[in-house]
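Heads up: the structure comes next, in structure tokens.
Each reported figure results from applying straightforward, stated rules to the coordinates on display, with no laboratory input. Computed from a prediction, not measured in an experiment: that's the story for all the values here. Cβ coordinates were reconstructed from backbone atoms using ideal geometry, including for glycine residues, and neighbour counts include every protein chain displayed.
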Amino acid sequence: MPDNPTPLAGCDAPPLNPVATRPDGQGNALETKAGSIGTGQSPLDGFHVTFAPHGARSLAVWLQEHFPGRHPYIFVDQRVASLWGEILDGQGFGDAWIPWDAREDRKRLDTVEHLARAALSRGADRHSVFVAIGGGVTGDVVGFLASIFMRGVPVVQVPTTLLAQVDSCLGGKTGVDLPEGKNLLGTFHHPQAILVDAVFLKTLPAKEWQNGMAEVIKSALLDDGDLMETLESFAQETKGQGISYPLPHKMIEPIVFQSLSLKARHVATDEKDFGVRQFLNLGHTAGHGLEALSGYALPHGHAVALGMRVAVQMGILMGLTNPDLARRLDRILEAYQLPLKTLLAKDANALLRHIQHDKKKGTGGLTWIVPRDVGRMERRTDISDKIFRDALRVIQPNET
Ligand SMILES: NC(=O)c1ccc[n+]([C@@H]2O[C@H](COP(=O)([O-])OP(=O)(O)OC[C@H]3O[C@@H](n4cnc5c(N)ncnc54)[C@H](O)[C@@H]3O)[C@@H](O)[C@H]2O)c1
Ligand SMILES: [Zn+2]
């Protein structure tokens, strides 16, 4: 366990320095870089990220150490419960173990009520701590429930998909969907602790790996270059055979740590998403439109990959971006099995309509994040429909 366990006793706990540690005490790059997870006075002060291969095996002990006196209620994606029962069972959670059918179409208000009642019937009260074990759907729903249950109880995230480990577990956004759109009801409720155990990724299907990798590649574009180089050199190493999922452990650690650190830095300076946090939407403006246009049949990661290509192409057309960046991005997307083209892009009018409906509309029009280069983003609200239509050609199948 960490040599300096942080006593996070609950919502009222005083701010503490954020720490990122591995409880195996082996000492490693993650510990030495721990300072980069959140800095100074920020909404992330006092939260604790633990990177722990096989840490989920000792979840009960870890919770007891971090939340003394609080009874944990474990909301677990039932698929994860069945795949990983062998490491999660037998930790004495008993009645507080609450499996649920975690699917996007169950990310609804009535599910929140159902889970709240399940917790209440098992004795949960305002001194409880809620634990979300699963992907982003579980994290969002349980985070939302925790934010309103008896006016708020602490939540702990134990992300089990790559997307959740590199992105959704951190940042405090919680919520559920409405028939009118995704994540339309929600709150900001930061987890007080996150336990990242890479072992869960062993059972992740390739499609879910791709969803997470698109966010990793997005982080690599936003970051100062280290992550991009990590991805490129691994792609180079495996050239010829191609990359296969699951990625080896030596790759998972740096990509999860660097992606989460980058997100933490953006969230720490702009918790409520009015400034730099919007850079994390790179690829998502066109991406959300493509997803909606496909009736959500297009996987999120594919949509983000295609959206990033459109954003880079816009930059090239506006004379902001070096075309080399497009070539670099394409090589990396291909290497990690993400698409470069889609038939969905053929109907630019329909796509624009969906994009304009998206809730992330800025006051001066649509907000686009345009990369000038790796680590150099611009937030633009002045992009004409013509530039968008011209840029869209880059993902239309009949264009090169
Ligand atoms: N709060 C945020 O900041 C934020 C950010 C990005 C995305 N999100 C939300 O996250 C959700 C998407 O997250 P997701 O992609 O993790 O989806 P998910 O939770 O639906 O998980 C994807 C699939 O993987 C399965 N699964 C989970 N862990 C597994 C494991 N270890 N092995 C095998 N299968 C496993 C799940 O049962 C599910 O079928 C969306 O609802 C999105 O809105 C939230
Ligand atoms: Zn995303």
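In table form, for the structure just shown:
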| item | result |
| --- | --- |
| For the chain, built as a Gaussian network whose Cα springs stay under 10 Å, the top-fluctuating residue of 224, 177, 382 | 382 |
| Shape call, the stretch 59-109: gyration tensor on alpha carbons, a/c limit 1.5 | oblate |
| Expected 222 nm ellipticity per residue - DSSP helices of 4 or more, -39500 (n - 2.57), all of the chain, to 500 | -12000 deg cm²/dmol |
| Percentage relative contact order, the stretch 74-127, counting C-alpha pairs under 8 Å, at least six apart | 41 percent |
| Fraction in percent of alpha-carbon pairs per bin - 10 Å, the chain | 5, 24, 33, 25, 11, 2, 0 |
| Euclidean distance of C-alpha centroids, the stretch 224-264 and the stretch 58-83, integer Å | 29 Å |
| The stretch 265-349: chymotrypsin sites (Phe, Trp or Tyr not before Pro) falling in loop per DSSP and having at most 15 other Cβ within 10 Å | 274, 296 |
| For residue 51, distant residues with modelled amide H under 5 Å away | 21, 22, 196 |
| Summed side-chain charge close to residue 140 - residues other than residue 140 whose Cβ falls under 14 Å, Lys, Arg +1, Asp, Glu -1 | +1 |
| Gain in span if fully extended, residue 381 to residue 244, counting 0.36 nm per residue against the direct Cα distance | 45.5 nm |
| Packing-based exposure ordering (other Cβ within 10 Å, fewest first) of 251, 314 | 251, 314 |
| Among 55, 94, 172, residue whose mean-square fluctuation peaks in a GNM of the chain (springs only between Cα atoms under 10 Å) | 94 |
| Fully extended contour minus Cα-Cα distance, from residue 113 to residue 340, at 0.36 nm per residue | 77.6 nm |
| Neighbourhood net charge (12 Å Cβ-Cβ; Lys/Arg +1, Asp/Glu -1) for residue 249 | 0 |
| Beta bridges by DSSP in the chain, antiparallel share as percent, to the nearest 5 | 30 percent |
| Amide H partners (placed H, <5 Å) of residue 378, local residues excluded | 370, 372 |
| Net +/- balance of residues flanking residue 163 in space, Cβ distance below 10 Å, scoring K and R +1, D and E -1 | -3 |
| Gaussian network model of the chain, Cα within-10 Å springs - most flexible of 219, 121, 168 | 121 |
| Evaluated at q = 0.11, 0.14, 0.22 Å⁻¹: base-10 log I(q)/I(0), Debye formula over Cα of the stretch 212-343 | -0.40, -0.65, -1.45 |
| Relative contact order of the chain, pairs being alpha-carbon contacts under 8 Å that are 6 or more residues apart, as % | 13 percent |
